[in-house]
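Peer 1: Take this structure, written in structure tokens, and hold onto it; I'll ask about it next.
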Amino acid sequence: MMLAAAVTAEAPASADPHIVAVRISSWGPCPAASDREARAHGLMERVFHRAGLRVGVQEFRVPGHGRSRNVIGVYDTPRTCLRIVMAHTDSAPGAPGANDNASGLGVVAALAGRLTRIDPRCDVWLVATGAEERVYTGSPDHLGALALARRARSHGARRRLRWALSLDEVGRDRPFWLRSPASAVRPTVERALLDAGSRVHVPLRWVRDESSGNSDHREFELLGLPAAKLGVGAGGEPCRHMACDRPSRLDPKSLMLARRMTAAALRAH
Ligand SMILES: [Zn+2]
């Protein structure tokens with residue numbers, strides 16, 4: 001009994017996805033390269049450190065706005081395969097960004113402290129990306145994802161990467177949609193993610209992206225790396241990029257289901 005208690009006490013406290021998402025979105029809008037975006041990145045960096053991950057910060061330019069970054073927490077396993085779970089940290093100006101996308105950050109934070117328990121079958125990169133919102137950056141690309149996908153490629157992603165999953169708007173409206181620009185469900189990408197959902201009773205449906213996709217998975221796919229997005233379902237997000245995307249709209253159950261589905265996908269062979 002004493003030993004079990006000691007082990008529990010030493011295990012990193014896993015963050016509650018709802019508490020993290022409410023906290024970040026209560027700070028107000030977090031446009032790319034702003035001080036608030038940096039503050040949210042700082043919080044995620046502390047969460048990754050506390051969880052015992054190896055933390056890297058990848059800086060990049062946001063033309064006309066300044067500098068942003070990706071905060072990357074690495075969990076190594078004896079295997080060479082790699083899975084990436086990412087969520088964008090910035091919001092549109094004027095939008096507190098509770099669902100878009102403090103919800104995704106909350107789930108990433110919750111996963112960080114649980115990785116030992118999840119026992120992932122591949123190396124994991126958890127990433128709080130920057131500068132996703134193209135309505136603000138004016139860039140054709142999601143800039144953080146572009147930098148991250150290039151970094152993954154230089155770390156052998158063509159050979160190692162099973163999938164990169166963007167969590168974007170996972171804080172309400174279920175069943176979730178899994179989205180990707182693939183022409184059909186691929187066995188090792190969409191099928192693997194859908195199966196993970198059904199194993200833990202998280203309803204999920206694949207819906208092909210219109211064109212190249214509107215979240216951080218897009219830049220991976222454009223580089224030929226497998227990726228998808230988990231996000232809002234058929235109801236869409238009526239408060240996307242608006243002042244009404246407030247913390248009170250977040251549904252703790254949705255966040256818990258997104259966390260559970262992603263954990264199952266990381267655990268899978
Ligand atoms: Zn988003």
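The values are calculated or read from the model by the stated rules, or taken from the named source; none is laboratory data. Remember, predicted model here, so these are calculated numbers, not experimental data. Cβ atoms come from the backbone with ideal geometry, glycine included; neighbour counts cover every protein chain shown. Just so you know, the surface numbers come from the protein's heavy atoms only, side chains and all, with ligands and any DNA or RNA stripped out. Shrake-Rupley method; radii C 1.70, N 1.55, O 1.52, S 1.80 Å.
Peer 1: Which residues, taken from segment 1-37, are closer than 26 Å to Arg260 by Cβ, modelled with pLDDT of 95 or more and open to solvent by 90 Å² or more (accessible area, probe 1.4 Å)?
Peer 2: Listed by number, the residues that qualify are Ile19, Arg23.
Peer 1: Mind listing whichever residues of segment 218-237 are open to solvent by less than 30 Å² (accessible area, probe 1.4 Å) and either modelled with pLDDT under 95 or of a type outside the set (D, E, K, R) (or both)?
Peer 2: Phe220, Leu225, Pro226, Ala227, Ala228, Leu230, Gly231, Val232, Gly233, Gly236
Peer 1: Which of the residues belonging to segment 118-132 are closer than 17 Å to Arg150 by Cα and in contact with a Ser or Thr (Cβ under 6 Å, 6 or more places away or on another chain)?
Peer 2: Matches in segment 118-132: Ala128, Gly130, Ala131.
Peer 1: How many residues does segment 22-54 contain that are closer than 17 Å to Ala110 by Cβ and hydrophobic (A, V, I, L, M, F, W, C)?
Peer 2: Of the residues in that region, 9 qualify.
Peer 1: Does segment 183-218 hold any residues that are aliphatic (A, V, I, L, M) and outside any strand (DSSP E or B), and which are they?
Peer 2: Ala184, Val185, Val189, Ala192, Leu193, Leu194, Ala196, Val200, Val202
Peer 1: Based on what the data block shows, is Arg240 open to solvent by 70 Å² or more (accessible area, probe 1.4 Å) and either in contact with a Leu (Cβ under 7 Å, 6 or more places away or on another chain) or under 23 Å from Thr116 (Cα atoms) (or both)?
Peer 2: Working: open to solvent by 70 Å² or more (accessible area, probe 1.4 Å): yes; either in contact with a Leu (Cβ under 7 Å, 6 or more places away or on another chain) or under 23 Å from Thr116 (Cα atoms) (or both): no.
It is false that Arg240 is open to solvent by 70 Å² or more (accessible area, probe 1.4 Å) and either in contact with a Leu (Cβ under 7 Å, 6 or more places away or on another chain) or under 23 Å from Thr116 (Cα atoms) (or both).
Residues are listed down the side, and each one gets a yes or a no for (1) of a type in the set (D, E, K, R); (2) touching a residue at least 60 places away in the same chain (Cβ under 8 Å); (3) surrounded by fewer than 19 Cβ atoms within 10 Å (Cβ to Cβ):
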{"residue": "Leu115", "(1), (2), (3)": "no, yes, no"}
{"residue": "Ile118", "(1), (2), (3)": "no, yes, yes"}
{"residue": "Val124", "(1), (2), (3)": "no, yes, no"}
{"residue": "Pro140", "(1), (2), (3)": "no, no, yes"}
{"residue": "Leu143", "(1), (2), (3)": "no, yes, no"}
{"residue": "Arg158", "(1), (2), (3)": "yes, yes, yes"}
{"residue": "Glu169", "(1), (2), (3)": "yes, yes, no"}
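Peer 1: Residues that are within 15 Å of the ligand (Cβ to nearest atom) and out of contact with any Ser or Thr (no Cβ under 9 Å at 6 or more places or on another chain): does segment 64-75 have at least one?
Peer 2: Scanning segment 64-75, I find no residue that is within 15 Å of the ligand (Cβ to nearest atom) and out of contact with any Ser or Thr (no Cβ under 9 Å at 6 or more places or on another chain), so the answer is no.
Condition check ((1) open to solvent by 10 Å² or more (accessible area, probe 1.4 Å); (2) among the polar types (S, T, N, Q)) across all residues:
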{"residue": "Gly52", "(1), (2)": "yes, no"}
{"residue": "Arg61", "(1), (2)": "yes, no"}
{"residue": "Ile72", "(1), (2)": "no, no"}
{"residue": "Thr80", "(1), (2)": "yes, yes"}
{"residue": "Ala87", "(1), (2)": "no, no"}
{"residue": "Asn101", "(1), (2)": "no, yes"}
{"residue": "Leu105", "(1), (2)": "no, no"}
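Peer 1: Taking segment 253-269, which residues are open to solvent by 10 Å² or more (accessible area, probe 1.4 Å) and either among the aromatic types (Phe, Trp, Tyr) or more than 17 Å from Ala87 (Cα to Cα) (or both)?
Peer 2: Within segment 253-269, Lys253, Arg267, Ala268, His269 qualify.
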